[in-house]
Amino acid sequence: GTVYLRPSNSTPENNLRLWCEQIDDAGKLGLDIVCLGECITSVGTICTVNDCAKIIPGEDTEILGNAARRNNIWVVAGLTELDGDNVYNTAVLIDRNGNLAGKYRKVHLPREEWKQGVTPGKDYPVFKTDFGTIAMQICYDWFFPEPETIFALNGAEIIFAPTWGNTLPDHDGMADGETVFRVRARDNGVYMVPSVYDGNSLVIDPMGRILASS
């Protein structure tokens, strides 16, 4: 499953409450896993990257982990990570017991992020779950074909994509997010599951078909 939610006039604490409500809704549907958005503690707030940066695992993953555990569900969520002097845009994977099962640090950073001092990641990990092997990417990664190819070669069957950007339809002759995510799925034979703030959150099958859309 995937979530479409864009908080406004909010705080990091309220955001986490709203996202945990989405995890509860996913649990009621009996889902194995749900994908939340990118930088979920800062979207719709006035907080800076540094304001929201927290150690992982830590306070934010504990709150999300509690929701995952009470719903017996895996969770993918985008957070801002503090590691020493470095800040990363990080996606976390939380298991059914509420424990941190893995994380991915965004490799491809747009200007808006590196000018704020965000550090790029450098690894493309995959993670084995009780329903298959998954990977996570974040937003601007979808502009480049290599991440999904690397993940697929490493055995990923489903790629979850917390994304601040969009899955809008094509316009003015330009292939936009919806088409690109579908092509990435088709080219690599994987499911793609973006959770976005503009356009539609989607579940896309390995043939590039949209199975679900918000």
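The values are calculated or read from the model by the stated rules, or taken from the named source; none is laboratory data. Keep in mind that what you see is a predicted model, and the values were worked out from it rather than measured. With ideal geometry, Cβ positions are generated from the backbone for all residues, glycine too; neighbour counts draw on all protein chains shown. With ligands, DNA and RNA removed, areas are computed over all heavy atoms of the protein, side chains included. Shrake-Rupley method; radii C 1.70, N 1.55, O 1.52, S 1.80 Å.
Quick notes on this one:
- Each residue of the range 52-64 was assigned a 3J(HN,Hα) from its phi angle through the Karplus expression (A = 6.51, B = -1.76, C = 1.60, θ = phi - 60°), giving 8, 5, 10, 5, 10, x, x, 4, 5, 5, 5, 5, 5 Hz with x at Gly and Pro.
- Estimated at the nearest 10 Å², the accessible area of Ile210 is 60 Å² with a 1.4 Å probe.
- Sequence-distant lysines (8 or more away, or on other chains) whose Cα lies within less than 20 Å of Lys122: Lys54, Lys103, Lys106
- In a DSSP loop and with at most 11 other Cβ atoms within 10 Å, the trypsin sites (Lys or Arg not before Pro) in the range 103-185 are Lys115, Lys122.
- Taking every C-alpha pair closer than 8 Å and separated by at least 6 residues, the mean separation divided by the residue count of the chain gives a relative contact order of 18 percent.
- Residues whose amide H comes within less than 5 Å of that of Thr2, counting only those at least five positions distant or on another chain, are Cys35 (H built at 1.01 Å from N in the peptide plane).
- Most mobile of Gln137, Gln22, Gln116 in a GNM of the chain (Cα contacts under 10 Å): Gln116
- Amide H contacts for Asp176 (H built 1.01 Å from N in the peptide plane; partners 5 or more residues away or on another chain; cut-off under 5 Å): Asp170, His171.
- Area accessible to solvent at Ser201, 1.4 Å probe radius, in Å²: 0 Å²
- Share of Cα-Cα pairs in the range 79-141 lying beyond 13 Å, as whole percent: 64 percent
- Accessible surface of the range 1-153 [probe 1.4 Å, protein heavy atoms]: carbon and sulfur percent: 50 percent
- The range 139-214: C-alpha pair distances exceeding 22 Å, %: 12 percent
- Per residue of the chain, the DSSP helices (runs of n ≥ 4 H) give a summed -39500 (n - 2.57) that works out to -8000 deg cm²/dmol at 222 nm.
- Counted by Cβ distance under 12 Å from Val3, the other residues give a net charge of -3, where Lys and Arg count +1 and Asp and Glu count -1.
- Note that the range 1-114 shows a convex hull volume over its alpha carbon atoms of 96 Å³ per residue.
- Space enclosed by the convex hull of the alpha-carbon atoms of the chain, per residue, Å³: 113 Å³
- Most fluctuating residue given options Pro169, Pro147, Pro12, as computed from a GNM of the chain linking Cα atoms under 10 Å: Pro169
- The residues packed around Thr90, meaning those with a beta-carbon under 11 Å from its beta-carbon, carry a net charge of 0 if Lys and Arg are +1 and Asp and Glu are -1.
- Computed from backbone phi, the HN-Hα couplings of the range 75-87 come to 9, 10, 8, x, 10, 9, 9, 10, 9, x, 8, 9, 10 Hz, rounded to whole numbers (Karplus: 6.51 cos²θ - 1.76 cosθ + 1.60, θ = phi - 60°; Gly and Pro given as x).
- Accessible area in square angstrom per residue, the range 1-133, 1.4 angstrom probe: 47 Å²
- Carbon and sulfur %, accessible surface of the range 163-202 computed with the full protein complex present, 1.4 Å: 47 percent
- Placing a pseudo-label 7 Å from each Cα along the Cα-to-Cβ vector at Thr11 and Asp24 gives an inter-label distance of 1.9 nm.
- Annotation for Asp83 and Leu211: the two label points, set 7 Å from Cα along the Cα-Cβ direction, are 3.1 nm apart.
- Fluctuation leader among Gly132, Gly98, Gly165 - the chain, Gaussian network, Cα springs under 10 angstrom: Gly132
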